[in-house]
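Heads up: the structure comes next, in structure tokens.
The values are calculated or read from the model by the stated rules, or taken from the named source; none is laboratory data. Computed from a predicted structure; not experimentally measured. Please note: Cβ atoms are built from the backbone with ideal geometry, for glycine as well, and neighbour counts cover all protein chains shown. Side chains are part of the model used for accessible areas, which takes the heavy atoms of the whole protein and leaves out ligands, DNA and RNA. Shrake-Rupley method; radii C 1.70, N 1.55, O 1.52, S 1.80 Å.
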Amino acid sequence: MKRKLAIIISAVLAVGTVLSSCQVEKVSDSKSSGGGSDTIKIGVFEPLTGANAGGGELEVEGIKLANKLYPEVNGKKIELVIVDNKSDKVEASNAASRLVEKEKVTAIIGSWGSSLSMAAGDIVKKAKIPTVATSATNPLVTKGNDYYFRVCFIDPFQGTVMANYAYSKLNAKKVAIVQEVSNDYAVGLAKYFTDSFTKLTGDSKAIVSVSNYNTGDQDFSAQLTNIKSQNPDVIFAPGNFTESALLIKQARDLGIKAPIVGGDTWETPDFLKIGGSAVNGAVFSTFFATEKPITKESEKFLTEYKKEYNGKEPAAVSALAYDAYLLLVDGLKRTGSEDSVKLRDELVKTKDFQGAAGVVNFDEDRNAVKSAVIKQVKDGKFTYLDLIEPTK
């Protein structure tokens, strides 16, 4: 009897563990908790724990602010259902499934991280739920998936921008690449940088070395020792903010003086905190600069964000996440209903959408065609350097 009781208790605990695998937060001014006739549910899946939590938190800040400023559409309250994807591909898939199957959301926003976004791709496509990626830049996020959109530029453009910067501004002829090989974003961005830089130099050997590391690694001495022996003009290091900051710190400790450049993932407070003075001078591409408000919505976002978050300067990804919410609200308004398929069809027609992080128009793969900002870490702060327009 005791054995049977123990088995039953174990089974109950196991079920409880499965049910709690995704943390769910609901944000709404509505009295309805079920997303009934007086509410429209928008799902959010972001990494709120794990390696990418710093980025996910910044994006949720932007989404919550947008929900506070624009809480209704078509006479209904908008309820946010926020699920933690735990910086894990399997959990990202589970989070998307929960939003679709249990929460019955009309649309979804997310996620920080291209790999996490791609993990949800088949689920939202099959369910026909329009989903807007915030800062996921890998082209495969939207490629072949009619229900995935994004409000950021993509890596072929970002890679070209940084290759041009290294070649034209830093006069680089030889570049070493060190990439987070377990991260689809980093590998893709490294490829596009390589293709563009090789073309610019006309030298098939312009990339003098390619070193790899995995998410979560903390010791980069082997990769950096090899890079130091190559004596490159520039190091391109696309990867997550934590590992990138540690890598730069260790490079400087090893006496490597070459400029180190990267991508949009660096723009988080954790990058500055972990890297300290070592990351001063680091240059990266990103989506938005507080010094260059582009639209009237940019100005409103900057004012309201600082008011909401105690004077804190917003990160570019917070502005993108804000825009993802506004884009859905705009689509719902134009659709006049909460039918997900009709919403998807209306989003495709989006033209000159005035977002906080710039004007959004979609290409044939539902990618935002927009400018890139280049920033540098100076005196422990992210500082605007340049604005690069996409080629027509």
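Take the Cα atoms of the stretch 250-392, find their three principal axes, and give me the spread along each one in whole Å, biggest first.
60, 36, 23
Expressed as a rounded percentage, what relative contact order does the chain have, with Cα pairs under 8 Å and six or more residues apart?
Numbers: 827 pairs, mean separation 63.3, N = 392.
That works out to 16 percent.
Just report the Cα centroid separation between the stretch 54-118 and the stretch 280-296, whole Å.
Centre-to-centre (Cα) distance: 24 Å.
Helix-only mean residue ellipticity at 222 nm, the chain, DSSP H runs n ≥ 4 weighted -39,500 (n - 2.57), per residue, nearest 500. What is it?
Helices in the chain give a 222 nm mean residue ellipticity of -13000 deg cm²/dmol.
Tell me the carbon and sulfur percent of the accessible area for the stretch 48-134, rounded to whole percent, probe radius 1.4 Å.
Within the stretch 48-134, the accessible surface is 49 percent carbon and sulfur.
Set Lys and Arg Cβ to +1 and Asp and Glu Cβ to -1, take the dipole of the chain about its Cα centre, and tell me which of ALA356, ILE40, SER196 lies farthest positive.
Projecting each Cα onto the dipole axis, the largest value belongs to ILE40.
Let me confirm the definition first: pairs of Lys residues in the stretch 179-307, 8 or more apart or on different chains, C-alpha distance under 15 Å. How many are there?
7
Using only the alpha-carbon atoms of the chain, report the extent along each of the three principal axes, biggest first, to the nearest angstrom.
Between the extreme Cα coordinates on each principal axis of the chain lie 64, 63, 41 Å.
Whole Å is fine, so just give me how far the alpha carbon centre of the stretch 300-361 lies from that of the stretch 238-256.
If we compute the Cα centre of each part, the gap is 34 Å.
Between the alpha-carbon centers of the stretch 368-392 and the stretch 130-193, tell me the distance in whole angstrom.
The two parts, judged by their Cα centres, are 14 Å apart.
May I ask for the net charge around ALA321, where only other residues with Cβ less than 11 Å from the Cβ of ALA321 are counted and Lys, Arg are +1 while Asp, Glu are -1?
That works out to -4.
Averaging sequence separations of C-alpha pairs under 8 Å and six or more residues apart, then dividing by the length of the stretch 219-335, give the relative contact order as a whole percent.
Contact order relative to length: 20 percent.
Report the residue, chosen from SER111, SER285, SER340, that carries the largest GNM mean-square fluctuation when the chain is represented by alpha-carbon nodes joined by springs under 10 Å.
Comparing SER111, SER285, SER340 in the GNM, the peak value goes to SER340.
What is the spread of the Cα atoms of the stretch 34-158 along each of their three principal axes, largest first, in whole Å?
41, 29, 26
What translational diffusion coefficient, to the nearest whole µm²/s, does the stretch 216-312 have by Stokes-Einstein, given a Kirkwood radius computed over alpha-carbon pairs, a temperature of 25 °C and 0.890 mPa s viscosity?
Reported coefficient: 164 µm²/s.
Show me the trypsin sites (Lys or Arg not before Pro) within the stretch 180-228 that DSSP assigns to loop and that have at most 10 other Cβ atoms within 10 Å of their Cβ. It would help to have the intermediate numbers written out before the result.
Details: sites: LYS191, LYS199, LYS205, LYS228; in loops: LYS205.
The qualifying sites are LYS205.
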